[in-house]
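Read the structure below first, then the notes.
The values are calculated or read from the model by the stated rules, or taken from the named source; none is laboratory data. Please read all numbers here as calculations on a predicted model, not as lab measurements. When we count neighbours, we look across all protein chains shown, and the Cβ atoms used for this are built from the backbone with ideal geometry, even at glycine.
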Ligand code: SF4
């Protein structure tokens, strides 16, 4: 039996705007002959996504006739709003509003941004649609299976469990890359060993020093948003920094002072290790 056949009851299909979750969506649409009424595809925009990601979400929807619900966090009730490709924020407003409310910056140990900006807006939206129990299909591949969580979320009024069809189907980075080679459209960002430097939030604190330095070099105005937030929240001490390892100011200064030689991987100056992935945070709070 196909791993992509939807179970009984309502199903949320989480779409991050990346190639892997788009691949999962494609397989679900194929296996179920389109999108069944009981299913909703949900994309949550943090406002720090690259424009290419937003264009890709739109194109997936158009190319595959798949209605995608675009959500954004707002700081007032109901704490989410429905947007679309044209009205989606592109300057970080949902993230800003969340920080105003939380009054501290998230970091790898306190990744509340995933939950506040992505998981809870989707949950609130689905509850507002009258859903009480549902299955959440999540696009995590076999090679990253350690990220899965099978815990049921919610309370006695509503609850949801996750399903990981790509893990069950043993889908790897290579399979996803091959799939996109055969399509007539793609995410307009480079696929580097199965990962995308600028995927998810552009300057996410989970990204390696190398990726953040690339952002500073290639998109200085986008990197500045993350720098400005650290300056705005500096009075919170430890909770006013994205990372305990290094401030963004120190990284900006380093990139400014050094030449392009630091970007040469063989010089091994910038750390290339990521601190996890967005999407793990819900069980860590
Ligand atoms: S991509 Fe990073 S900064 Fe953005 S919501 Fe996820 S963990 Fe937070």
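So the values come out like this:
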item: Condition broken by residue 62, with the remaining ones in (1) closer than 14 Å to residue 185 by Cα; (2) surrounded by 15 or more Cβ atoms within 10 Å (Cβ to Cβ) satisfied; result: (2)
item: Residue 82 being in contact (Cβ under 8 Å) with a residue 40 or more places away in the chain, in the same structural domain as residue 49 (by TED's automatic domain parsing), outside any helix (DSSP H, G or I) and farther than 20 Å from residue 200 by Cα; result: no
item: Residue in segment 98-114 that is under 19 Å from residue 18 (Cα atoms) and either touching a strand residue (DSSP E or B) at 6+ places or on another chain (Cβ under 7 Å) or assigned to a helix (DSSP H, G or I) (or both) present; result: yes
item: Segment 207-231, subset within 14 Å of residue 253 (Cβ to Cβ) and out of contact with any helix residue (DSSP H, G or I) (no Cβ under 8 Å at 6 or more places or on another chain), residue nearest to the ligand (Cβ to nearest atom); result: 224
item: Flag if residue 212 is touching a residue at least 24 places away in the same chain (Cβ under 8 Å), under 18 Å from the mean Cα position of the chain (by Cα), farther than 19 Å from residue 243 by Cβ and surrounded by 20 or more Cβ atoms within 10 Å (Cβ to Cβ); result: no
item: Residue check for residue 68: more than 15 Å from the chain's Cα centre (by Cα), buried (at least 21 other Cβ atoms within 10 Å of the Cβ), under 30 Å from residue 101 (Cβ atoms) and in the same structural domain as residue 166 (by TED's automatic domain parsing); result: yes
item: Test: residue in segment 159-173 that is part of a loop (DSSP other than H, G, I, E, B) and in contact (Cβ under 8 Å) with a residue 40 or more places away in the chain; result: yes
item: Residues (more than 17 Å from the chain's Cα centre (by Cα) and either surrounded by 15 or more Cβ atoms within 10 Å (Cβ to Cβ) or closer than 21 Å to residue 27 by Cα (or both)) located in segment 180-209; result: 180, 181, 182, 183, 184, 185, 186, 209
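Residues checked against (1) away from the ligand (no atom under 16 Å from the Cβ); (2) in a strand (DSSP E or B); (3) under 24 Å from residue 198 (Cβ atoms):
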{"site": "52", "(1), (2), (3)": "no, no, yes"}
{"site": "60", "(1), (2), (3)": "yes, no, yes"}
{"site": "76", "(1), (2), (3)": "yes, no, no"}
{"site": "88", "(1), (2), (3)": "no, no, yes"}
{"site": "127", "(1), (2), (3)": "yes, no, no"}
{"site": "143", "(1), (2), (3)": "yes, no, yes"}
{"site": "151", "(1), (2), (3)": "yes, no, no"}
